[in-house]
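The values are calculated or read from the model by the stated rules, or taken from the named source; none is laboratory data. Predicted model, so just to flag it, every value in this text is computed and none were measured. Backbone-built Cβ (ideal geometry, glycine too); neighbour counts: all protein chains shown.
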Amino acid sequence: MNNLAFSWNILSDLTTMWSYDFMAHAFEAGTVVAVVAGIIGYFVVLRRSSFAAHALSHAGFAGAAGAVLLGINPIFGLFAFTSVGAVLIGILGRKAASRDVQIGVVLAFLLGVGVLFISLYQGYATEAYSLLFGEILGISVGDVWTTLITGTLVLAVFAAMYRPLLFTSLDEDIAEGKGVPVFGIGLAFMLLIAAATSIAVQVVGVLLIFALMVTPAAIAARVARRPFQGMLISAGIALCATWISLFISFYLPYPVSFFITAITFVLYALVRFSTR
């Protein structure tokens, strides 16, 4: 990224790195995104909704393309389409564990709409395409505040619905028999995934959303004994992977998203083969 050399003095290196506004903003936004993605991602894995997170990220790209066509910030279109996709998936598939067909149908439809938007746009949709692989080093102060506010709201709503969400995640049938509003909880959680996906896309992009939303949570699910412990491990892994990747990418001319995916994959492989 620049002509600075790694000095092996970590404190000095960090001070130098944070003297650049774009790196400070990247660390700020990356911290929020990693914590939110790690916590929400644990329940994504617990509810076997990984395909849903993947589908919503692609639906978000369609929304970003539509926003570019209308001449507005792609992030707004991304969030709008992930929310619409979340509602459609929630309505069409009442049970979280049996939504694959509905998710596939919604994904195909929204991707088709995205292709239409891109074909209608006469210019080069650079902003929309940049969301495919993330653009964390291009985050502005306004983006940091948007990420912080959105992430705080997501975690506040998550905390409010934690107990019924955990109940329905462990056994939807028993929860429904006990009078828990399974459909409403499921729909609300899909919207939380949509919001978490929208802010995570800035870091790892549409195509690599699993790196922060699913892989750390998959690791935590294999080593944690309790849900709360799992959320902490998942968020911690996502956070460390993001920080380390930003640090490395400051000195090497390679994308941050590559290092995040590589670190989380290696960790998952190590845990996977050591806990068989």
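For the stretch 147-161, the tally of residues that are of a type in the set (G, A, S) and buried (at least 16 other Cβ atoms within 10 Å of the Cβ) stands at 1. Among the residues making up the stretch 162-182, a single one is exposed (fewer than 12 other Cβ atoms within 10 Å of the Cβ) and closer than 15 Å to V45 by Cα: D171. Scanning the stretch 231-259 for residues being surrounded by fewer than 21 Cβ atoms within 10 Å (Cβ to Cβ) and closer than 17 Å to V35 by Cβ gives a total of 7.
Checked against (1) over 18 Å from L116 (Cα atoms); (2) modelled with pLDDT of 80 or more, G77 passes all but a single condition, namely (1). Within the stretch 114-129, if we keep just the residues that are under 10 Å from A64 (Cα atoms) and modelled with pLDDT under 70, the residue that is surrounded by the most Cβ atoms within 10 Å (Cβ to Cβ) turns out to be A128.
Going through (1) in a helix (DSSP H, G or I); (2) more than 14 Å from the chain's Cα centre (by Cα); (3) of a type in the set (A, V, I, L, M, F, W, C) one by one, V180 falls short only on (1).
Which of the residues belonging to the stretch 164-180 are modelled with pLDDT under 85 and touching a Pro at 6+ places or on another chain (Cβ under 8 Å)? Answer for the stretch 164-180, where residues must be modelled with pLDDT under 85 and touching a Pro at 6+ places or on another chain (Cβ under 8 Å): A175, V180. Within the stretch 29-69, the set of residues being touching a Ser or Thr at 6+ places or on another chain (Cβ under 8 Å) and surrounded by fewer than 20 Cβ atoms within 10 Å (Cβ to Cβ) comprises T31, L46. Given the criteria within 23 Å of L239 (Cα to Cα), outside any helix (DSSP H, G or I) and either within 14 Å of the chain's Cα centre (by Cα) or modelled with pLDDT of 80 or more (or both), does F133 qualify? When the stated conditions are applied, F133 passes them.
Taking V144, is it touching a Gly at 6+ places or on another chain (Cβ under 7 Å), of a type in the set (A, V, I, L, M, F, W, C) and either in a helix (DSSP H, G or I) or surrounded by fewer than 17 Cβ atoms within 10 Å (Cβ to Cβ) (or both)? So that I can check it myself, show each step before the final result.
Numbers: touching a Gly at 6+ places or on another chain (Cβ under 7 Å): no; of a type in the set (A, V, I, L, M, F, W, C): yes; either in a helix (DSSP H, G or I) or surrounded by fewer than 17 Cβ atoms within 10 Å (Cβ to Cβ) (or both): yes.
So V144 does not fit the description; no.
Restricting attention to the stretch 31-81, the residues that are touching a Leu at 6+ places or on another chain (Cβ under 7 Å), of a type outside the set (G, A, S), touching a residue at least 60 places away in the same chain (Cβ under 8 Å) and over 30 Å from R226 (Cα atoms) total 3. Annotation: A156 fulfils all but one of (1) touching a residue at least 12 places away in the same chain (Cβ under 8 Å); (2) assigned to a helix (DSSP H, G or I); the unmet one is (1).
For the condition of a type in the set (G, A, S) and modelled with pLDDT of 85 or more, what is the one hit in A55, A59, A37, A64? Break it down into steps so the answer makes sense when it comes.
Working: A55 fails: modelled with pLDDT of 85 or more; A59 fails: modelled with pLDDT of 85 or more; A64 fails: modelled with pLDDT of 85 or more.
Being of a type in the set (G, A, S) and modelled with pLDDT of 85 or more holds for just one of A55, A59, A37, A64, which is A37.
Here is the figure for the stretch 216-275: residues that are in a loop (DSSP other than H, G, I, E, B) and within 20 Å of V203 (Cβ to Cβ) total 4. Any residue at all in the stretch 199-210 that's at positive phi and assigned to a loop (DSSP other than H, G, I, E, B)? Yes, the stretch 199-210 contains a residue that is at positive phi and assigned to a loop (DSSP other than H, G, I, E, B). When A200 is tested against (1) under 11 Å from the mean Cα position of the chain (by Cα); (2) surrounded by fewer than 20 Cβ atoms within 10 Å (Cβ to Cβ), just one condition goes unmet, and that condition is (2).
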